[in-house]
1. May I ask you to list the residues of segment 16-56 whose amide nitrogen lies under 15 Å from a point 7 Å from Cα along the Cα→beta-carbon direction of residue 85?
2. Sorted by average packing, counted as other Cβ atoms within 10 angstrom per residue and highest first, what order do 42-53, 7-18 take?
3. Tell me, in nm to one decimal, what length is gained between residue 42 and residue 8 on full extension, where the rule is 0.36 nm per residue of separation less the Cα-Cα distance?
4. Between residue 118 and residue 25, what is 0.36 nm times their sequence separation minus the Cα-Cα distance? Round to one decimal in nm.
5. Sketch the reach of a paramagnetic label on residue 17 as a point 7 Å from Cα along Cα-to-Cβ, and name the residues of segment 49-84 whose backbone nitrogen lies under 16 Å away.
6. For segment 21-118, compute Rh as the Kirkwood radius over C-alpha pairs and then the Stokes-Einstein diffusion coefficient at 37 °C and 0.692 mPa s; write the answer in µm²/s, rounded to an integer.
7. In the chain, what % of DSSP beta bridges are antiparallel (nearest 5)?
């Protein structure tokens, strides 16, 4: 089995959002978001959106798998985060060793309302 490495450029940006300055990293690619998917098998979509990473949540592989099986479950670490900027989405980047990267925009809620997958 071979391993592939993909490098995605990340550019630091300062966005004005809800009357505040927000430090983010803009990804050099756009990704499609799925809305209210129950699990990772339901991800996809047509519209490509800019992604602004506001923070990274690192999980263990077991935690990531549990998260991926139940995206609609409430999670304290998502509460009040995310939002749309007109041309992009404010996202929590979710990572775990050996797993794809997920970009989650809870739109101020506490569950993975919008999710994009890389890898």
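We did not get these values from a lab; they are worked out from the coordinates using the rules stated. Source: prediction; values computed, not measured. Heads up, the Cβs are rebuilt from the backbone with ideal geometry, glycines too, and the neighbour counts pull from every protein chain shown.
1. Counting backbone N atoms under 15 Å from the label point, the list is 16-31, 49-56.
2. On the way: 42-53: 15.8, 7-18: 10.8.
So the peptides 42-53, 7-18, ranked by packing, come out 42-53, 7-18.
3. The span from residue 42 to residue 8 would gain 9.9 nm if fully extended.
4. Details: separation 93, 0.36 × 93 = 33.48 nm, distance 1.57 nm.
So the extension gain works out to 31.9 nm.
5. 49-57, 77-84
6. Roughly 250 µm²/s, to the nearest whole number.
7. 75 percent
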